[in-house]
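**Student:** Structure incoming, see below.
The values are calculated or read from the model by the stated rules, or taken from the named source; none is laboratory data. What you see is a predicted model; the values in this text were computed from it and never measured. For neighbour counting, all protein chains shown are included, and Cβ atoms are generated from backbone atoms with ideal geometry for every residue, glycine included.
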Amino acid sequence: MRFENDLEAEFYERSKKSAEKSGYRLNSDWDVITTAVKGICNNKKEYGEWYCFCQKRTGDKEQDKKIICPCAARVRDVEMRGACKCGLYIK
């Protein structure tokens with residue numbers, strides 16, 4: 001899999017490890033993966049954190065910690081819907 005820059009490749013590898021560690025997988029749809037990776041990496045460049053692009057930031061760093069990927073809702077979403085909100089992680 002190829003990404004446009006090192007930051008995207010770094011996040012992809014980080015996400016793969018997180019998925020394996022948690023018993024989940026990354027989505028098999030490359031378009032979903034690239035959309036999530038690019039969105040989250042754009043947030044990393046702009047805000048300095050791996051904020052999930054599918055959740056609204058409040059601007060409060062403490063409150064926004066819960067939307068750093070993998071976000072606090074990942075387990076609930078994957079268990080209930082089979083995927084997290086942005087679709088990066090699946091059961």
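**Student:** With part of a helix (DSSP H, G or I) and under 12 Å from the mean Cα position of the chain (by Cα) as the only criterion, which of Ala9, Ala19 stands out?
**Tutor:** Ala19
**Student:** Scan the range 1-17 and tell me whether some residue there is modelled with pLDDT of 95 or more, farther than 13 Å from Tyr89 by Cα, among the charged types (D, E, K, R) and in contact with a Ser or Thr (Cβ under 6 Å, 6 or more places away or on another chain).
**Tutor:** No - not one qualifying residue is present in the range 1-17.
**Student:** Moving on to the next point. So, of the residues in the range 15-30 that are charged (D, E, K, R) and without any contact (Cβ under 8 Å) to a residue 12 or more places away in the chain, which turns out to be nearest to Cys86 (Cα to Cα)?
**Tutor:** Filtering the range 15-30 for residues charged (D, E, K, R) gives 16-17, 20-21, 25, 29.
Remaining after also requiring without any contact (Cβ under 8 Å) to a residue 12 or more places away in the chain: 16-17, 20-21.
Working: Lys16: 15, Lys17: 18, Glu20: 18, Lys21: 19 Å.
This residue is Lys16.
**Student:** Next up: Residues that are under 11 Å from the mean Cα position of the chain (by Cα) and at pLDDT 95 or above: list the helices (runs of 4 or more DSSP H) wholly contained in the range 27-91 that include at least 3 such residues. Spell out the reasoning first.
**Tutor:** Details: elements: 30-47, 61-64, 74-81.
Of the helices (runs of 4 or more DSSP H) lying wholly inside the range 27-91, those with at least 3 residues that are under 11 Å from the mean Cα position of the chain (by Cα) and at pLDDT 95 or above span 30-47.
**Student:** Filter the range 48-60 for residues that are in contact (Cβ under 8 Å) with a residue 12 or more places away in the chain and out of contact with any helix residue (DSSP H, G or I) (no Cβ under 6 Å at 6 or more places or on another chain) and give the result.
**Tutor:** Glu49, Cys54
**Student:** I'm trying to understand the selection: among the residues of the range 20-42, which are in contact with an Asp or Glu (Cβ under 8 Å, 6 or more places away or on another chain) and surrounded by fewer than 20 Cβ atoms within 10 Å (Cβ to Cβ)?
**Tutor:** Once the filter is applied, which keeps residues that are in contact with an Asp or Glu (Cβ under 8 Å, 6 or more places away or on another chain) and surrounded by fewer than 20 Cβ atoms within 10 Å (Cβ to Cβ), the range 20-42 yields only Lys38.
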